[in-house]
């Protein structure tokens with residue numbers, strides 16, 4: 001019997017070997033299928049990301065175009081009549097340590113066809129020069145460094161001058177020359 005068991009084990013081992021050999025190609029086939037599934041999922045993921053990126057980019061471009069388009073649609077302001085000061089403004093800044101000065105040439109813009117305002121600006125020219133000199137003397141070099149600072153200075157000059165005018169208002173202050181040294 002012991003001999004038969006050994007023979008059965010050899011036969012069983014013989015039968016097990018072909019099953020293992022048959023399982024080996026199927027496990028290799030399973031690995032290939034798994035790899036193909038991963039590759040397919042990766043490709044689908046890339047396609048989805050590309051589609052999302054396309055729609056986000058087109059949305060951003062459309063939004064940017066709308067902003068630019070709204071600027072282009074705005075009509076330019078009407079032309080203005082100008083009052084030019086004959087002399088430059090030369091004022092020392094309010095800096096405490098290092099002295100600096102401001103050299104400024106400016107014009108005032110107002111609506112066309114207002115002879116009363118033209119006459120008033122001519123009559124009040126010394127008063128307007130004084131107002132502008134006082135505003136400039138209160139500024140430091142740092143107060144006039146950026147473009148935003150210069151725009152705020154324009155608005156301050158415009159508001160101060162409009163406060164004293166009675167026959168109309170100025171709409172613009174133009175800096176023909178602006179030097180801070």
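The values are calculated or read from the model by the stated rules, or taken from the named source; none is laboratory data. All values reported here derive from a predicted model rather than from experimental measurement. Glycine also receives a Cβ, built like all others from the backbone with ideal geometry; neighbour counts cover every protein chain displayed.
Annotation note: of 166, 171, the sole residue that is under 25 Å from residue 78 (Cα atoms) and not in a strand (DSSP E or B) is 166. Quick one: is residue 130 touching a strand residue (DSSP E or B) at 6+ places or on another chain (Cβ under 9 Å) and part of a helix (DSSP H, G or I)? Taking the combined requirement at face value, the residue does not satisfy it. Do the conditions hold for residue 136, that is, is it touching a strand residue (DSSP E or B) at 6+ places or on another chain (Cβ under 7 Å), part of a loop (DSSP other than H, G, I, E, B), modelled with pLDDT under 95 and closer than 27 Å to residue 166 by Cα? It is false that residue 136 is touching a strand residue (DSSP E or B) at 6+ places or on another chain (Cβ under 7 Å), part of a loop (DSSP other than H, G, I, E, B), modelled with pLDDT under 95 and closer than 27 Å to residue 166 by Cα.
A quick yes/no check of all residues on (1) in contact (Cβ under 8 Å) with a residue 12 or more places away in the chain; (2) surrounded by 10 or more Cβ atoms within 10 Å (Cβ to Cβ); (3) within 31 Å of the chain's Cα centre (by Cα); (4) on the phi < 0 side of the Ramachandran plot:
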site	(1), (2), (3), (4)
61	no, yes, yes, yes
94	yes, yes, no, yes
97	no, no, no, yes
112	yes, no, no, yes
121	yes, yes, no, yes
128	yes, yes, no, yes
134	no, yes, no, yes
165	yes, yes, no, yes
